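Novice: The following block contains the structure, expressed as structure tokens.
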Amino acid sequence: MDSFVEQLTRGAEEEFTEESAWDGSAVRIESSSLPAIHLPVLPRYLQHTTTGGRKATGFQETKTACFNYIHEALLENQWQRAAEFMTAYLETLESTSAEHRMAAPEVVWRIGAEILCHHSKSSIEEFNYFAERIKNVGVKNYLKVCLEHVFHLLCNGLIDDAYRNLSLAEGWRYGEQTAAHDKEMKLIQAYKGLLDYYNWSEKRKAMLELDDDDLAQFVEQEMHSFFRQAAVNFKEIIKIPGVWDPFVKCYVELLEFYEDYDEVRQVLSEYAYNSKFPSNPNAHVYLYQFLKRQGESKKTRIAVLKILHELVPSHELMLEYNAMLQKSKKRKKHRLGLQVIFTVLDFAGWKEHVKAWSCLAKQIKQILENSSKHLYWIMEEWNSRKDWWPAFHFSHHLAKINWQENESLACEKAFVAGILLGKDCKYFRYVSHQGHKAKKGRFQTMKKFVKKHSSSHNPSVSI
Amino acid sequence: MQCCIINWGLTDEGKFYCKSCHNVIERTTEVLTSDVVPNTKIQSISKGLRKRKKIDKGWEWYVCEGFQCILKKQAEALQALGVSPQMKDEILCNFWRCYLQKSKQAYCSMPVTDNALISDIGTDVDSEPERISLHGFSSFSESDGDLQTESSFGRVSSIGKASATETTSVCSGSVDGGSYLLKRKKGDLKMSMPMTLSLCYLALLWLREPVTLSDLLRFVLDGHIPYLNAFQCFPEEMKLYGVDLKIFRVESWPVYEDVHKKMYELAAFLDLPCFPAITNSCFLHPNILCIKYLMEANLPDELHNWTCRVVKKINVGETDFLTLDPVNKSTRKVKYDVLAAALIIVVLKLLFLLDDQYEWLHASFARKRNQKNKEECPWFDFKKWYTIIKKSLDVEQKKLDEERARCLWKCEKPLFYSAKEKYIVLKRRQTVVNLQRQFGSLSGSMQVSEKQKPSSFQLNWAEENTDGICFHGHILEGILQEKDNSLTTTNTKYWLCTVKLCNEKICGHLTHYKESDFPQSYQFVLNLFSFLLRVPASLIHEEVCLIEHKLFKTKLRRR
């Protein structure tokens, strides 16, 4: 430590003698009693800051400025102005700096596509012309631009053109580059598959309308060839972990038409259960729907929906799930069903779903009627909800609205409210009062039931 | 009697004379013809190349010939702008010949022989020019054509020193392109694109033409003088590729300070005598130049008296101070335009203080008075001036910024480093041209109109059709008072931009400009002249500081 400080002081002294013009800011405090404190002196090269790195050339600076103008114009929808600056910006494709030259085609493509999409004087022909030119700038962008070009064509309804472009792109090879662009190639093939599917379904429709047998057979052959092409491509893309919903749906439809159910089962199971694939609720939905179509047992179907329930508790299939659980003989399943229906009603989208409320009402009624030994199920579910469900579902305001808009909804909800919150709760009182006024018969029975049961299990009811 | 010593100089009239026998040469013939003479003189100096390279090489040409073409075109452009033809035909021509002689590229008995280069090329007779095994060149792929980056040229310096056994050759259209970029020896001065402008300006200065350096650079930026793609003027047979690009391709606009510095280096290198004197009546004299800038800045004519007084006080109007004398190394390098602008700013500071308070107080006072007395000559109202100027300045600045962003850098003649690259470069050019046509048709009717004729004045205030108000005739009342038979300012204060000047040798500048340290009015005035002169505000600020230090020298010394 000492030698380090000594070195510093020596260094500082040397510097001081060299340059008298500089008013050094180092402080030296010396006194006889205390040891000397020598604050470090900045080394010479740190005294004057200079900018480091390579300075941008005038070309790069003007192109950056140009880009900012284009950016502004795009944000303000000034397409004409953007096109003006684009003329100058296109020169970045010829930049001398290799890294700028590599990055330029993509930027130019995005900006140009945006302008051509929105400019009033532009047309799809202009867009095609532009896409063709940019595709061939360098090699790395070919497939990407092809794919996006196809999307634009599809958005404009030019399916044949899109198909043609996809076929061309599919045949693209470029030595070593081919391997590097494998992913993009797979995507192109997948979308081609999609269009093959579209053609297949067109042929199928055509075939059904034809009277002439010979012609129908010819069309059928075409249909089969489209199927084969599509199937190959779909199979390839679905192998890669990812979210491929449109492809999966189309593939499943094709396979079901040709009655290859085993393949469907395998594909959908893979899609839903393979851990490499990202978690996707739709996968489970597709699988469930297929199993339903196949008439699979409830057990298997329940297993599928169980996972869906964990992923998306508010899914619309939850009602079916609940129904299946109720029909089963096992007690555990009944309890699970109750959980499911309670959870479903936690979500705002289900607030006014009559069927859901009626399911809940029915289940609660069943439990109460059957010796109430499963009452604790309801209590457990209600425990976590009693703080917020009253305001969420059973406010006085909601009572009025529900009664006005949908009496059966109000009725079901009132029942549930009466049981869970007691007969003195606002909701129940209001609705039953209204029901009484309207002289609806069922309210009498409901009121009686509620009165009978609500007092027994709600000692600490809070409204 | 003719003496045989070659030691010539230029007379005041611009004629040659021999320094040893003082004979003025009467008869001179124009050696430079309108078409480039294919190397009659120069070919005898170096050995010709034995093999034609694969790229269509055209003529053998030297880098200096390229610069000669460019300089000629620049001089012609200047002539078209109104400069006297003497500049091109006599002065620039002679300066250029002098340069060739001094740099031993021509007109001398012992020309430079690139022995290392020639022997390399000699052994490479059978080598393919495409097989360039320099490190930077090796990453060539047809796909994305990794064109050369500038970093590869760091290796150029090693080429010249390469032994004859190495099979490397530098690919360039010119004969000496490769060796031209080698690290220069002491006392050597390589011509470069910015330096062509320095040379032009030296010629203009010699003739004392009414063109400032900032005017010249402005004409270059606006495209009236060839610079950006000046190599387009080369004849068809002078092929440009490879290392030539590093010399002739321009990637940035010329910077005032850079060109100005090179001017002095060049003047010293050429051993020029003292330039023609800049006298009181000369355009470049601060007194005259101030008038121009006062008019452009829409300031009252009366301010001119004050600038003259300041000039006299700090002795910047002296002929010795203003005239360029390459022999006398201690003379300050004068930037005439910046000096004039700075003088005006100092005068404004003297009169209006520019501390964001005094000038506004005076302005409201002047406005009230002007409202009451509408018939009399109006007093100069700083606030009114500020409002009008700011509006115009913002509009013009915005126009300028957009013009710059829209500038097209590439030209029809594409540049490439080697034959391999040629195809890719041409293809890209074609793509760009096609797309430019497409987007051009989508642009508004405001197409690139023909360049307006350039003028010396950028802002014009005296015309009737402008809705701006002209302040030229306004009088400086309210800020002046009589004292001892002379006018002096009512403002008795002054703030210095800086108390201490920096050491130029350490950081390159005498002052550093940080906007936030200064009042808004000062910043505004600085920005105004920065726009007019197209130089960074810090440059004018530096000049202001220097003037102040001269003006308040005694007061500063007392501290």
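The values are calculated or read from the model by the stated rules, or taken from the named source; none is laboratory data. It should be emphasised that the depicted structure is a prediction, and the values quoted were computed from it without experimental measurement. Neighbour counts run over all protein chains shown; Cβ positions are idealised from the backbone, glycine included. Calculation scope for accessible area: heavy atoms of the full protein, side chains included, ligands and nucleic acids excluded. Shrake-Rupley method; radii C 1.70, N 1.55, O 1.52, S 1.80 Å.
Novice: Kindly state which helices (runs of 4 or more DSSP H) lie completely within region B:443-559 and contain at least 1 residues that are at pLDDT 75 or above and either within 14 Å of another protein chain (Cβ to nearest Cβ) or over 26 Å from B:Arg309 (Cβ atoms) (or both).
Specialist: It comes to B:504-507, B:520-533, B:537-551.
Novice: Now a separate question. If you check A:Glu296 against the conditions, is it more than 23 Å from A:His374 (Cα to Cα), free of Cβ contacts under 8 Å to residues at least 24 places away in the same chain, outside any helix (DSSP H, G or I) and under 25 Å from the mean Cα position of the chain (by Cα)?
Specialist: So A:Glu296 does not fit the description; no.
Novice: In addition: Would you mention how many residues in region A:87-105 are open to solvent by 50 Å² or more (accessible area, probe 1.4 Å) and more than 7 Å from chain B (Cβ to nearest Cβ)?
Specialist: 3
Novice: Sticking with this structure for a sec: Any chance you could count how many residues in region A:75-121 are at positive phi and touching an Asp or Glu at 6+ places or on another chain (Cβ under 6 Å)?
Specialist: 0
Novice: Of the residues A:Lys55, A:Lys140, A:Lys121, which is facing chain B (nearest Cβ under 8 Å) and loosely packed, with under 15 Cβ neighbours inside 10 Å?
Specialist: A:Lys121
Novice: Considering only region A:76-86, how many residues are open to solvent by less than 30 Å² (accessible area, probe 1.4 Å) and either within 7 Å of chain B (Cβ to nearest Cβ) or farther than 23 Å from B:Thr431 by Cβ (or both)? So that I can check it myself, show each step before the final result.
Specialist: Looking only at region A:76-86, we keep the residues that are open to solvent by less than 30 Å² (accessible area, probe 1.4 Å), and these are A:82-83, A:85-86.
Filter once more, so that each one left must be either within 7 Å of chain B (Cβ to nearest Cβ) or farther than 23 Å from B:Thr431 by Cβ (or both): A:83, A:85-86.
Counting residues in region A:76-86 that are open to solvent by less than 30 Å² (accessible area, probe 1.4 Å) and either within 7 Å of chain B (Cβ to nearest Cβ) or farther than 23 Å from B:Thr431 by Cβ (or both) gives 3.
Novice: OK, next. So A:Leu319 ticks every box in (1) aliphatic (A, V, I, L, M); (2) under 20 Å from the mean Cα position of the chain (by Cα); (3) farther than 25 Å from A:Cys250 by Cα but one. Which box is left unticked?
Specialist: Of (1) aliphatic (A, V, I, L, M); (2) under 20 Å from the mean Cα position of the chain (by Cα); (3) farther than 25 Å from A:Cys250 by Cα, only one is false for A:Leu319: (2).
Novice: I've got another one for you. Can you report the number of residues in region B:181-204 which are of a type in the set (A, V, I, L, M, F, W, C), within 19 Å of B:Lys72 (Cβ to Cβ) and crowded, with 20+ Cβ neighbours inside 10 Å? Full working, then the answer.
Specialist: Residues of region B:181-204 of a type in the set (A, V, I, L, M, F, W, C): B:181-182, B:189, B:191, B:193, B:195, B:197, B:199-200, B:202-204.
Now drop any that are not within 19 Å of B:Lys72 (Cβ to Cβ), which leaves B:191, B:193, B:195, B:197, B:199-200, B:202-204.
This time we only want the ones that are crowded, with 20+ Cβ neighbours inside 10 Å, so: B:191, B:195, B:197, B:199-200, B:202-204.
So the count comes out to 8.
Novice: Let me ask you something else. Return yes when A:Ala73 is farther than 20 Å from A:Arg54 by Cα, under 33 Å from the mean Cα position of the chain (by Cα) and more than 7 Å from every other protein chain (Cβ to nearest Cβ) and no when it is not.
Specialist: It is true that A:Ala73 is farther than 20 Å from A:Arg54 by Cα, under 33 Å from the mean Cα position of the chain (by Cα) and more than 7 Å from every other protein chain (Cβ to nearest Cβ).
Novice: Still on this structure: Could you tell me whether any residue of region A:146-164 is within 14 Å of chain B (Cβ to nearest Cβ), under 29 Å from the mean Cα position of the chain (by Cα) and not polar (S, T, N, Q)?
Specialist: Looking only at region A:146-164, we keep the residues that are within 14 Å of chain B (Cβ to nearest Cβ), and these are none.
No, that holds for no residue.
Novice: Just to be sure I understand the filter: pairs with C-beta atoms under 9 Å, separated by 6 or more residues or on different chains, first member in region B:290-304 and more than 15 Å from B:Lys349 (Cα to Cα), second member charged (D, E, K, R) and crowded, with 18+ Cβ neighbours inside 10 Å. Which pairs pass?
Specialist: B:Tyr293/B:Asp337
Novice: Looking at region A:275-292, can you tell me whether even one residue there is farther than 27 Å from A:Gly242 by Cβ and open to solvent by 30 Å² or more (accessible area, probe 1.4 Å)? Spell out the reasoning first.
Specialist: Start the filter on region A:275-292 by keeping residues that are farther than 27 Å from A:Gly242 by Cβ, which leaves none.
No, the conditions are met nowhere in region A:275-292.
Novice: Okay, moving on. So, of the residues in region B:414-430 that are of a type outside the set (D, E, K, R), more than 18 Å from A:Phe59 (Cβ to Cβ) and open to solvent by less than 30 Å² (accessible area, probe 1.4 Å), which turns out to be nearest to the other protein chains (Cβ to nearest Cβ)?
Specialist: Keep residues of region B:414-430 that are of a type outside the set (D, E, K, R), which gives B:414-419, B:423-426, B:430.
Imposing the further condition that a residue be more than 18 Å from A:Phe59 (Cβ to Cβ) reduces the set to B:418-419, B:423-424, B:426, B:430.
Of the ones still in play, those that are also open to solvent by less than 30 Å² (accessible area, probe 1.4 Å) are B:418, B:424.
On the way: B:Ser418: 15, B:Ile424: 9 Å.
For region B:414-430, the residue satisfying everything is B:Ile424.
Novice: Does region A:198-210 contain at least one residue that is buried (at least 19 other Cβ atoms within 10 Å of the Cβ), touching a residue at least 40 places away in the same chain (Cβ under 8 Å), in a helix (DSSP H, G or I) and not acidic (Asp, Glu)?
Specialist: The initial filter retains those residues of region A:198-210 that are buried (at least 19 other Cβ atoms within 10 Å of the Cβ), namely A:199-200, A:203.
Then drop every residue that is not touching a residue at least 40 places away in the same chain (Cβ under 8 Å), which leaves A:200.
Subsequent filtering for residues that are in a helix (DSSP H, G or I) retains A:200.
Those left that are additionally not acidic (Asp, Glu): A:200.
Checking region A:198-210: at least one residue is buried (at least 19 other Cβ atoms within 10 Å of the Cβ), touching a residue at least 40 places away in the same chain (Cβ under 8 Å), in a helix (DSSP H, G or I) and not acidic (Asp, Glu).
Novice: Suppose we keep only residues that are surrounded by 19 or more Cβ atoms within 10 Å (Cβ to Cβ) and part of a loop (DSSP other than H, G, I, E, B) within region B:252-267. Which one would you say is farthest from the chain's Cα centre (by Cα)?
Specialist: Top of the filtered list is B:Trp253.
Novice: Take A:Glu91 and decide whether it is assigned to a helix (DSSP H, G or I) and farther than 25 Å from B:Asn229 by Cα.
Specialist: The answer is no for A:Glu91.
Novice: Can you find a residue that is within 24 Å of A:Pro281 (Cβ to Cβ), of a type in the set (A, V, I, L, M, F, W, C) and in contact with a helix residue (DSSP H, G or I) (Cβ under 9 Å, 6 or more places away or on another chain) anywhere in region A:360-377? Walk me through it before giving the result.
Specialist: Pass one, region A:360-377, residues within 24 Å of A:Pro281 (Cβ to Cβ): A:360.
Next cut, of a type in the set (A, V, I, L, M, F, W, C) only: A:360.
Now drop any that are not in contact with a helix residue (DSSP H, G or I) (Cβ under 9 Å, 6 or more places away or on another chain), which leaves A:360.
Yes, region A:360-377 has at least one match.
Novice: Give me a count of the residues in region A:343-355 that are part of a helix (DSSP H, G or I) and either modelled with pLDDT under 90 or crowded, with 21+ Cβ neighbours inside 10 Å (or both).
Specialist: Matching residues across region A:343-355 total 1.
Novice: Which one of these is in a helix (DSSP H, G or I) and closer than 25 Å to A:Ala206 by Cβ: A:Ser269, A:Ser225?
Specialist: Numbers: A:Ser269 fails: closer than 25 Å to A:Ala206 by Cβ.
So the residue among A:Ser269, A:Ser225 that is in a helix (DSSP H, G or I) and closer than 25 Å to A:Ala206 by Cβ is A:Ser225.
Novice: Going by the structure shown, is B:Pro210 surrounded by fewer than 19 Cβ atoms within 10 Å (Cβ to Cβ) and either modelled with pLDDT of 90 or more or assigned to a strand (DSSP E or B) (or both)?
Specialist: Details: surrounded by fewer than 19 Cβ atoms within 10 Å (Cβ to Cβ): yes; either modelled with pLDDT of 90 or more or assigned to a strand (DSSP E or B) (or both): yes.
Considered against the rule, which asks whether it is surrounded by fewer than 19 Cβ atoms within 10 Å (Cβ to Cβ) and either modelled with pLDDT of 90 or more or assigned to a strand (DSSP E or B) (or both), B:Pro210 comes out as yes.
Novice: Filter region B:391-413 down to the residues that are open to solvent by less than 30 Å² (accessible area, probe 1.4 Å) and without any contact (Cβ under 8 Å) to a residue 24 or more places away in the chain and list them by number.
Specialist: Scanning region B:391-413 gives B:Glu402, B:Ala405, B:Cys407.
Novice: Can you confirm whether region A:106-114 contains a residue that is of a type in the set (D, E, K, R), touching a Leu at 6+ places or on another chain (Cβ under 7 Å) and either buried (at least 18 other Cβ atoms within 10 Å of the Cβ) or more than 8 Å from every other protein chain (Cβ to nearest Cβ) (or both)?
Specialist: There is at least one residue in region A:106-114 that is of a type in the set (D, E, K, R), touching a Leu at 6+ places or on another chain (Cβ under 7 Å) and either buried (at least 18 other Cβ atoms within 10 Å of the Cβ) or more than 8 Å from every other protein chain (Cβ to nearest Cβ) (or both).
Novice: When you scan region A:166-177, do you find a residue that is surrounded by fewer than 22 Cβ atoms within 10 Å (Cβ to Cβ) and under 18 Å from A:Phe227 (Cα atoms), even just one?
Specialist: First, the residues of region A:166-177 that are surrounded by fewer than 22 Cβ atoms within 10 Å (Cβ to Cβ): A:167-168, A:170-177.
In the following step, the residues that additionally are under 18 Å from A:Phe227 (Cα atoms) were identified as A:167, A:170.
Scanning region A:166-177 turns up at least one residue that is surrounded by fewer than 22 Cβ atoms within 10 Å (Cβ to Cβ) and under 18 Å from A:Phe227 (Cα atoms).
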